[in-house]
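Asker: Sharing a structure, written as structure tokens. Questions coming.
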Amino acid sequence: MSDIGGMLGGTSATQPATPEIQAIADQVKCQLEQKTKKKYPIFKAVEFKSQMVGGTNYFIKVQVGDNDFIHIRVFESLPQENRPVALHDYQTGKSRCDELDYF
């Protein structure tokens, strides 16, 4: 098990986004655009936290404009469940300085 996950139930420390996290964010971009009814020409994962819960919740801060950020919560089920990652929640109107918290 990698060190990304942290303890079961608790969230990890905030970490810089990795290519893996960018790939996870990219997979839910269309779901987010449908929910917010917006298109995001910029969609850059900046940082993230993770939480192990019979799968993994990822809390990802995504840059969508010059100083416009969205926090997304994405659930990745266990590999044997063979399900796509899913956008579970999001918060708009965030700035670069806003703390990435559980939501």
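Asker: Out of the stretch 26-76, which residues are aliphatic (A, V, I, L, M) and either surrounded by fewer than 16 Cβ atoms within 10 Å (Cβ to Cβ) or modelled with pLDDT under 95 (or both)?
Answerer: Residues of the stretch 26-76 aliphatic (A, V, I, L, M): 28, 32, 42, 45-46, 52-53, 60, 62, 64, 70, 72, 74.
I42, M52, V53 - these are the residues of the stretch 26-76 that are aliphatic (A, V, I, L, M) and either surrounded by fewer than 16 Cβ atoms within 10 Å (Cβ to Cβ) or modelled with pLDDT under 95 (or both).
Asker: Exactly one of these conditions fails for K38: (1) farther than 22 Å from T11 by Cα; (2) within 14 Å of the chain's Cα centre (by Cα). Give me its number.
Answerer: Condition (2) is where K38 drops out.
Asker: Working only within the stretch 69-103, note down all residues that are in contact with a Ser or Thr (Cβ under 8 Å, 6 or more places away or on another chain), closer than 16 Å to K29 by Cα and charged (D, E, K, R).
Answerer: Listed by number, the list holds a single entry, E76.
Asker: Scanning for something part of a helix (DSSP H, G or I) and at pLDDT 95 or above, does the stretch 6-19 turn up at least one residue?
Answerer: Taking the stretch 6-19 as the starting set, the residues that turn out to be part of a helix (DSSP H, G or I) are 19.
Filter once more, so that each one left must be at pLDDT 95 or above: 19.
Scanning the stretch 6-19 turns up at least one residue that is part of a helix (DSSP H, G or I) and at pLDDT 95 or above.
Asker: Restricting to the stretch 45-94, what's the tally of residues that are of a type in the set (S, T, N, Q), touching a strand residue (DSSP E or B) at 6+ places or on another chain (Cβ under 6 Å) and farther than 19 Å from A23 by Cβ?
Answerer: Taking the stretch 45-94 first, the residues of a type in the set (S, T, N, Q) are 50-51, 56-57, 63, 67, 77, 80, 82, 91-92.
Pick out the ones that are also touching a strand residue (DSSP E or B) at 6+ places or on another chain (Cβ under 6 Å) and you get 50-51, 56-57, 63, 91-92.
This time we only want the ones that are farther than 19 Å from A23 by Cβ, so: 91-92.
The total comes to 2.
The values are calculated or read from the model by the stated rules, or taken from the named source; none is laboratory data. Model, not experiment: these values are computed from the prediction. Neighbour counts are summed over all protein chains in view; Cβ atoms, including those assigned to glycine, are modelled from backbone coordinates with ideal geometry.
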